[in-house]
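Comments concern the structure below.
The values are calculated or read from the model by the stated rules, or taken from the named source; none is laboratory data. Just so it is clear, the model here is predicted, and its values are computed rather than measured. Heads up: the accessible areas ignore ligands, DNA and RNA and are worked out on the full protein's heavy atoms, side chains in. Shrake-Rupley method; radii C 1.70, N 1.55, O 1.52, S 1.80 Å.
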Amino acid sequence: MPPPHEHFVHPEARSLSASYYVYVGVDSLANYEKGKAQGIWGWESSVLDRGGADGSANRTVALRIRPDDYLILGFSTPGGPRVNDQQFFAQDLAEVLITRVTRPLYQSVAKVWDDKPYPERVDVEVLQTLERVPGWRLGPAAMRALRLSGTKQGTPVVGEPVAITALEEGTDGDQDELDLTGDLDALVSAIRRREQRRLRRLKFGSLTEVMCDLCGRTLPARLVSAARIKRRADATRRERLNPDNIMAACLFGCDALFEHGHVVLDATGTIRLNPDLQGELLAAARHLAGRRCGAYSPRSRPFFEAHARRFSQERLDQRWQADWDVATDVAAMKRHSEPERPTLHGLVQGTNDPHR
């Protein structure tokens with residue numbers, strides 16, 4: 001059954017993604033965090049029903065939002081939106097959340113927020129979170145749309161696409177522009193590059209040489225990838241940003257062998273070859289069989305398990321299947337009986353807790 005406000009847009013009616021802006025006040029911090037975590041944003045029905053009959057009604061605007069449009073949430077400015085344009089433009093936004101709409105306006109009362117149901121909803125995929133964003137970086141058109149949204153209780157306001165230079169410390173001058181005027185795939189690629197650089201810094205720090213977690217060779221850092229264990233397409237946003245989902249994999253074969261499932265880890269953290277390997281692939285991977293993976297730990301185990309099940313769930317022997325539960329129990333007992341030894345990456349960062 002289609003959502004109550006489902007609407008048809010001819011596929012050739014708009015060739016480019018549109019940008020919609022929503023201002024979120026500081027009093028809505030809890031709702032903002034929950035919506036961001038669950039990929040949902042919502043409004044009260046009474047708020048969307050306000051506006052004129054000339055196409056400017058809030059619901060009319062919300063109904064125009066379609067999949068692959070951008071919903072850009074600006075969170076909290078010191079003076080709020082009820083100031084003049086010049087004052088609002090001069091402020092910094094505490095956070096800017098760039099999202100891609102995955103489901104247009106629909107109604108649901110499934111609980112997401114604590115204070116109200118906000119039944120008029122859109123589903124979104126979080127593309128990027130930018131902190132402490134000066135108004136000039138968004139530009140006057142985007143800031144004007146955010147200010148108007150703030151004066152209309154956070155309703156969506158259509159605005160011009162923007163190009164945001166997302167500056168990060170420690171990028172050595174290699175900065176990506178998040179261009180919302182261009183192709184979505186290009187934007188996503190830029191965001192992934194920035195995300196990967198951030199995780200690489202968290203995992204490897206300033207090391208010039210890094211040991212491959214699979215083959216054990218110590219190589220120049222430029223020849224070792226910060227490889228995802230659970231692939232990005234299957235991971236939640238929280239999992240994508242978790243350093244425990246990253247391991248060191250050298251570019252002399254280990255990175256590709258793991259990525260494509262030619263090697264997987266068993267329940268003890270031991271590398272096993274995919275049963276389908278043969279010929280040159282088998283020869284290339286054979287030296288890894290039976291090695292202990294340096295990145296395996298109780299925290300990374302769920303990611304390795306997800307990887308193994310992608311490629312080998314139906315081919316795993318019964319003992320390996322049972323070992324997952326046994327290994328989990330043994331690891332839990334060890335954590336209660338002895339302190340966990342710090343890892344090399346933890347020593348580099350000065351702590352063994354990547355979330356600290």
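Miscellaneous remarks
- Three-way shape call for region 13-119 based on the alpha-carbon gyration tensor, with the a/c threshold at 1.5: rounded
- Between region 220-280 and region 90-119, the Cα center-to-center distance that results, in Å: 34 Å
- Cα gyration tensor, region 197-284 - rounded (a/c under 1.5), prolate or oblate: oblate
- Accessible surface, region 52-120, averaged per residue in Å² (probe 1.4 Å): 44 Å²
- Only lysines eight or more places from K230 in sequence, or on another chain, were considered; those with a Cα closer than 23 Å are K36, K203.
- Accessible area (Å², per residue) of region 191-285, counting only protein heavy atoms and a probe of 1.4 Å: 47 Å²
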